[in-house]
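This report concerns only the one structure given below.
FYI, it's all coordinate maths here, none of it is from the lab. Just so it is clear, the model here is predicted, and its values are computed rather than measured. Neighbour counts are summed over all protein chains in view; Cβ atoms, including those assigned to glycine, are modelled from backbone coordinates with ideal geometry.
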Amino acid sequence: MDDVEEMVGTSSAMGAVFDLIRRVATTDMPVLLTGETGTGKELTAQAIHVRSLRKEGPFVPINCGAIPETLLESELFGHERGAFTGAVTKKKGKLETAAGGTVFLDEVGDLLPGLQVKLLRFLQDGTFERVGGRETIRVDARVIAATNVDLKAAISANKFREDLYYRLGVLHILLPPLRARGEDTLLMAMVFLRRAATASGKLVFSYTLEAVDAMRAYSWPGNVRELSNRVRRAVVMAEGDEITARDLDLVTEDHHTADSLHSLKAAQRRIEVELLVRAISLHHGNLTRVARDLEVSRSTLYRKLHAYGLEKLIPSNISSSSSSSSSSVIRKSKRMSAARPVVL
Ligand SMILES: Nc1ncnc2c1ncn2[C@@H]1O[C@H](COP(=O)(O)OP(=O)(O)OP(=O)(O)O)[C@@H](O)[C@H]1O
Ligand SMILES: [Mg+2]
């Protein structure tokens, strides 16, 4: 398949996900991906496929929620000529197209009972019949399924078969919501900023303190997709070389009320975090240059990064005494100049 986007993340929650992806990639068993909308389920399915022995085979996605049931059956399993009005020729379904590769069943919770039975049989013995067909077809396709509905609740409501759930969910990866990924939000914001700025040719480099705070405070109901969209919009909206909370459409009325005037410490923290994030972004994670720019020693820089929980922005491949100029959180890629921090 074509180049798959890298998954960005250094939080322990995402570290565990990356670990699972590497492990399940080596097997041929079905995988169930769950998580809120925009948490990266499809990207994860692609990441598993490209790390599997099937990577040279096709990756075939199908959204079970977006297609009416009658059509879905033929989309998935194919049909014989004359199987229904309009079936003028025989057609292979997605499962057959995915032979030797992976089929990605998105929104699997939307499958209606009849198709659940057919899918269960395929998972059990790898066989099915095309719509209107008698011939038993055997296909070698790995199934990765995703859902953002609570399948356990669907089982209780008799809408989803328990036996299918257990077949699909032997290997289960839960994608955490963005709000549970700590500083990954800022890290991804930097990556997306660089991507969007490069794509648009606009000279936008960093975020204002207010924008950083707003991103940290926001709950991101649309998760990574929302972050990516807001950053792309902000790059278009930005008037200078910095993105403001307004550009991100994250301005809240009571934004600064938590830091009253007497809280010098809180103000200092805000300013320092902003400067650190900005400088690291500007210098592509080269901490020697960051320290020089901010006029602090490297040890002070490390102390501050730790104090503010920003140590995840420190490249993992250098020690505090290293001054290698090639080390950076945002390593220069061989393929493209876009930002490449800690990725899967
Ligand atoms: N860890 C990540 N690093 C970088 N980009 C990510 C990451 N996770 C998701 N994305 C990006 O966020 C967007 C949404 O991801 P994806 O489509 O995989 O989510 P999803 O869980 O399938 O969403 P939905 O439930 O709405 O279908 C995509 O543009 C994807 O490339
Ligand atoms: Mg999806």
May I have the extent of the alpha carbons of the chain along their three principal axes, as whole Å values ordered from largest to smallest?
-> 76, 43, 36
0 to 90° range, to nearest 10: angle between helix 184-200 axis and the chain longest Cα axis = 90
Going by the alpha-carbon gyration tensor, a ≥ b ≥ c the square roots of its eigenvalues, is segment 1-96 rounded (a/c under 1.5) or, if a/c is not under 1.5, prolate (a/b greater than b/c) versus oblate?
-> prolate
Among HIS306, HIS79, what is the fewest-to-most ranking by other Cβ atoms within 10 Å?
-> HIS306, HIS79
Kindly provide the helix-only [θ] at 222 nm of the chain, computed as the sum of -39,500 (n - 2.57) over DSSP H runs of four or more divided by all residues, to the nearest 500 deg cm²/dmol?
-> -12500 deg cm²/dmol
Quick one: angle between helix 113-125 and the longest Cα principal axis of the chain, in degrees between 0 and 90, rounded to 10, please.
-> 90
Classify segment 153-305: rounded, prolate or oblate, from the alpha-carbon gyration tensor (a ≥ b ≥ c, eigenvalue square roots; a/c under 1.5 rounded; otherwise prolate if a/b is larger than b/c)?
-> prolate
Could you tell me the distance between the Cα centroids of segment 179-241 and segment 71-118, to the nearest Å?
-> 39
Counting alpha carbon pairs within less than 8 Å and at least 6 residues apart, what relative contact order, in whole percent, applies to the chain?
-> 18
Flagged as over-length at 20 Å C-alpha distance, from LYS55/LYS118; LYS91/LYS159; LYS94/LYS152; LYS41/LYS202; LYS92/LYS118, the pairs are LYS55/LYS118; LYS91/LYS159; LYS94/LYS152; LYS41/LYS202
If ARG232, ARG179 are placed from fewest to most neighbouring beta carbons inside 10 Å, the sequence is ARG179, ARG232
Expressed in nanometres to one decimal, the distance between label points 7 Å along Cα→Cβ at VAL149 and ASP249 is 2.8
Express the relative contact order of segment 50-199 as a whole percentage, based on alpha carbon pairs under 8 Å and six or more residues apart in sequence.
-> 22
Least to most buried among TYR165, TYR308, by other C-beta atoms within 10 Å and fewest first, runs TYR308, TYR165
Cβ charges +1 (Lys, Arg) and -1 (Asp, Glu), total dipole of the chain, debye | 960
For labels at VAL4 and ALA157 in the simple 7 Å Cα→Cβ model, what's the distance in nm?
-> 3.1
Local electrostatic count at ALA238 - Lys and Arg +1, Asp and Glu -1, tallied over other residues with Cβ under 13 Å = 0
